[in-house]
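Data block below; observations after.
The values are calculated or read from the model by the stated rules, or taken from the named source; none is laboratory data. As the structure is a computational prediction, the values presented were derived from the model and not from experiment. Methodologically, a virtual Cβ is constructed for each residue, glycine included, from the backbone with ideal geometry; neighbour enumeration extends over all protein chains shown. With ligands, DNA and RNA removed, areas are computed over all heavy atoms of the protein, side chains included. Shrake-Rupley method; radii C 1.70, N 1.55, O 1.52, S 1.80 Å.
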Amino acid sequence: MLRLIVPTLSLLLTLPLAAQAASKQDYELSQMLQKVAKESSVGTPRAINEDILDQGYTVEGKALVNHLSVRQEHAERMQSNPAQVRSQLGDSVCRNNGYRNLLSKGAVLVYRFTVYKSNQPVMDQAFDAASCTAGSKKKK
């Protein structure tokens, strides 16, 4: 009977510690994302080019969301070739050390595109750590 009690007790003591560690990591990630969103939103809205306006960043759970407005014509081009949009965004994300660091900590980077002024949804593109590993960038 003692052989069953000791392993059971050690398991019961380990579970709260693991949950506490996960909560601390989640809290730290949340704080980091809030800081990045605040700093990255300074000076927004700002034009990226004649078709895209950066509206700033927000945080949704573990996701850092970049809100981007695009002209209607650009939205139509994006929707006609989502694989190319994903590839270009993925290349940009995976070359950025700051983004890769966030992703390695469990964050997700989301690009949320809407049509300028109407806020009509165009598309979301989300990237996590697996998005930057060899061969998996095209899967997501």
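For the reader, a short list of remarks on this structure follows.
- The set of residues in region 52-77 being open to solvent by less than 40 Å² (accessible area, probe 1.4 Å) and hydroxyl-bearing (Ser, Thr, Tyr) consists of Tyr57, Ser69.
One line per residue, one yes/no per condition, for (1) farther than 20 Å from Met123 by Cα; (2) among the aliphatic types (A, V, I, L, M):
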{"site": "Lys38", "(1), (2)": "yes, no"}
{"site": "Val42", "(1), (2)": "yes, yes"}
{"site": "Asn49", "(1), (2)": "no, no"}
{"site": "Lys62", "(1), (2)": "no, no"}
{"site": "Met78", "(1), (2)": "no, yes"}
{"site": "Gln88", "(1), (2)": "no, no"}
{"site": "Asp91", "(1), (2)": "no, no"}
{"site": "Arg95", "(1), (2)": "yes, no"}
{"site": "Gly98", "(1), (2)": "yes, no"}
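- Residue match in region 37-51 (condition: farther than 19 Å from Val93 by Cα, surrounded by 14 or more Cβ atoms within 10 Å (Cβ to Cβ), modelled with pLDDT of 95 or more and of a type in the set (Gly, Ala, Ser)): no
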